[in-house]
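One structure is given here, and the rest of the page talks about it.
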Amino acid sequence: MSELIDGLGPNGTLMVIGVAFDPIEAAPVQLISGSRRIQGWAAGTPADSEDTLNFAELTGVRPMIETYPLEKADEAYARMMSGKAEFRVVLTM
């Protein structure tokens, strides 16, 4: 996540919602020069997730995914690990 800090715009926030044990390193000048910040956020409660899903359904929000049949799981994994996947890689059965 440390590499993302310079990509933040003025007043940008790096919102950390995933748990990892690796430290996030930032030089003070990276934060001060662009009025940037790093903030952690718990993923929310089950009710928050339900509200989000209801909102997505009501407004027609749909994910952008790349699908692969289960038989091509190796190919899907290789694409994901190569960084060439444009969206989420999803296996179908």
Next on the checklist: Report every pair of residues separated by at least 6 positions or lying on different chains whose Cβ atoms are under 9 Å apart, first residue within segment 12-24 and at negative phi, second surrounded by 10 or more Cβ atoms within 10 Å (Cβ to Cβ) and of a type in the set (Lys, Arg).
Outcome noted: Gly12/Arg36; Gly12/Arg37; Thr13/Arg36; Thr13/Arg37; Leu14/Arg36; Leu14/Arg37
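Report the residue count in segment 16-30 for those that are closer than 19 Å to Trp41 by Cα, surrounded by 10 or more Cβ atoms within 10 Å (Cβ to Cβ) and modelled with pLDDT of 90 or more.
Restricting attention to segment 16-30, the residues satisfying the condition of being closer than 19 Å to Trp41 by Cα are 16-26.
Filter once more, keeping what is surrounded by 10 or more Cβ atoms within 10 Å (Cβ to Cβ): 16-17, 24-26.
With modelled with pLDDT of 90 or more added as a condition, the list becomes 24-26.
Looking only at that region, the number is 3.
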Checklist entry - List, please: which pairs have Cβ atoms under 7 Å, are six or more places apart or on different chains, and start with a residue in segment 52-71 that is outside any strand (DSSP E or B) and end with one that is loosely packed, with under 10 Cβ neighbours inside 10 Å? => result Leu70/Met93
Checklist outcome for this item: Counted residues in segment 15-40 being outside any strand (DSSP E or B) and either among the hydroxyl-bearing types (Ser, Thr, Tyr) or under 15 Å from Met1 (Cα atoms) (or both) come to 16
Next on the checklist: Anything in segment 39-78 that is open to solvent by 70 Å² or more (accessible area, probe 1.4 Å) and among the hydrophobic types (A, V, I, L, M, F, W, C)? List them, or say none.
Outcome noted: Trp41, Ala42, Ala43, Leu53, Phe55, Leu58, Val61, Met64, Ile65, Leu70
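The values are calculated or read from the model by the stated rules, or taken from the named source; none is laboratory data. Just so you know, these numbers come straight off a predicted model, no measurement behind them. Backbone-built Cβ (ideal geometry, glycine too); neighbour counts: all protein chains shown. Quick note on the areas: whole protein, heavy atoms, side chains included, nothing else; ligands and nucleic acids left out. Shrake-Rupley method; radii C 1.70, N 1.55, O 1.52, S 1.80 Å.
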